[in-house]
Structure formats: C-alpha cells, structure tokens
1. Of the peptides 97-106, 73-82, 18-27, how do they stack up when ordered by the mean number of other Cβ atoms within 10 Å, highest first?
2. What percent does the relative contact order of the chain come to when contacts are Cα pairs within less than 8 Å and at least six residues apart?
3. Can you pull the percent of the chain's accessible area that's carbon plus sulfur, 1.4 Å probe, other chains left in place?
4. Charges only on Cβ, +1 for Lys and Arg, -1 for Asp and Glu: so what's the dipole of the range 121-202 about the Cα centre, in debye to the nearest 20?
5. For ALA69, enumerate residues with amide H under 5 Å from its amide H, sequence gap 5+ or separate chain, H modeled in the peptide plane.
6. Please list 3J(HN,Hα) in residue order for the range 53-67, calculated via the Karplus relation 6.51 cos²θ - 1.76 cosθ + 1.60 where θ = phi - 60°; whole Hz, with x for glycine and proline.
7. Give me the dipole magnitude in Debye, nearest 20, for the chain about the Cα centre, with unit charges on the beta carbon: positive for Lys and Arg, negative for Asp and Glu.
8. 5 Å is the cut-off here: which amide hydrogens, built 1.01 Å from N in the peptide plane, fall below it relative to THR135, excluding neighbours closer than 5 in sequence?
Amino acid sequence: RPSIVTATATTADIDIDAANITIDNFEMDFTSPDAVAAAIDVNSDYFTLRNCRIVFSDSDGQATRVVFADSTNVVSSMLIENNDFQGDTSAGTSSVVRFSGGNYHAIRNNRMWGNFDTTSGGAIVSGADAAGQITIADNRISNMAASSVIAIKLLAATTGDIYRNYLRITTDTSPATSIENPGTCSLYQNFGVTDSGETGTEIVPVAFST
C-alpha cells in the first residue's frame, strides 16, 4: 500500500477540492504532529474513501478530526466504506467522520476504535446542519472515552437509514444513548454494549435536545 503521513503543522491536511475524487487502499498516519485539525478536508461532492487503514490516535498525538466536511463548503454523496480507523484510549479526537448538511452520504462497513469527545462528538457526527437521505450501516464503533455515552451523534432533522451497526460505549447504563438524535431516520438492528464481555442488546435510541 502507498502511505501518507501528515507534515509538521496542525493545519496539514489532504484537501478534497474537486468532485469525484477517490482514495483507495492507502495507509495513513495522522498522529504527528498532535492535534491535526482536519486530516482529510472534504470540500467537493462525490468523495470516496475506501479500503484504507488510518491511524489517527496514539500516545504521542491525536488528530482532532479525521474526515471533515464542514458547513463552509456543503458537500453531498460522500462515501466512506471498508476502512479501518485505528485509535487508542488517548483523549484528543472529537470525530472520525463529521459532515454538515448535504445529502446521500454513505458510511458503511468501517471499524472505528478510539477515544471520542463525550461532549461534542462521537465517531460519526453531524455538524451544524442536518443531512438528508444518509446511510450509516454495518459499522463497528467503540468509543473508549471514560464515561462515553455516544457513538453516533446526529441532528433532529436528519433523514435516512441507520442499520446493522455494532456500538460500544463505556458508561454502564442503557446502550440507547449510543445513537443520539437519529432524527427521522429509519433504524434497523443496531446493537450496543456498555462493557467488555457483554452480549449486545438492540438499541432503541433516545432524542436529546440540541
């Protein structure tokens, strides 16, 4: 696999500034320097990230955000699939995939393991604007932050489908909090655990005030 590592500045990023760009089968390391703000900065439609191994957090450094599509350049049809996002228990990462607005994003069949901000984030997070007709499916997400309660955090106006995700949080309460504000999305067969060695239970998510 070809490899990509970040440079010495926290503003270093991979800029996606044209439509229909695909990154496939890469090794990436975004742990140095510490606090890379937005490692993959998506500014155009139809971006695909597929079949990659991405290290975003270790004891020396943590990317703040890995894949970032903000409200400045609203994008649609972002596809994130078959990737292994590898972190550790070090604090500093707020999200693996963050999008704000747009339509038809698909995030499927990824593994995301790390310590994600328990206040403003999770592994998959919606920014200020809700997205429409999204698909979040077949992901394995572990939020290992102390007292974490969220794996996927959306907005009340979000629409789409969320199904067959397997979610781990560390707060020993109901796994229902793993999906916050699913909006009017249809949810099928999402399962969660709150401790090691548990058998997953089906998640009936709850809405939170935004």
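1. Details: 97-106: 21.7, 73-82: 19.2, 18-27: 13.2.
The most tightly packed comes first, giving 97-106, 73-82, 18-27.
2. Relative contact order of the chain: 13 percent.
3. Working: 4030 of 8670 Å².
Exposed carbon and sulfur together represent 46 percent of the surface.
4. Values: 4 positive and 8 negative charges, 27 e Å.
Value, rounded to 20: 120 debye.
5. VAL42, ARG98, PHE99, SER100
6. Ordered by residue, 3J(HN,Hα) equals 10, 10, 9, 10, 8, 8, 5, 8, x, 9, 5, 5, 9, 9, 9 Hz.
7. On the way: 11 positive and 24 negative charges, 81 e Å.
My answer is approximately 400 debye.
8. HN-HN under 5 Å from THR135: HIS105, ALA106, ILE107, ASP161.
The values are calculated or read from the model by the stated rules, or taken from the named source; none is laboratory data. Since the structure is predicted, the reported quantities are computational estimates derived from the model, not experimental observations. Note that each Cβ is placed from the backbone with ideal geometry, even for glycine, and that neighbours are counted across all protein chains shown. These area figures cover heavy atoms from the full protein model, side chains too; ligands, DNA and RNA do not enter into them. Shrake-Rupley method; radii C 1.70, N 1.55, O 1.52, S 1.80 Å.
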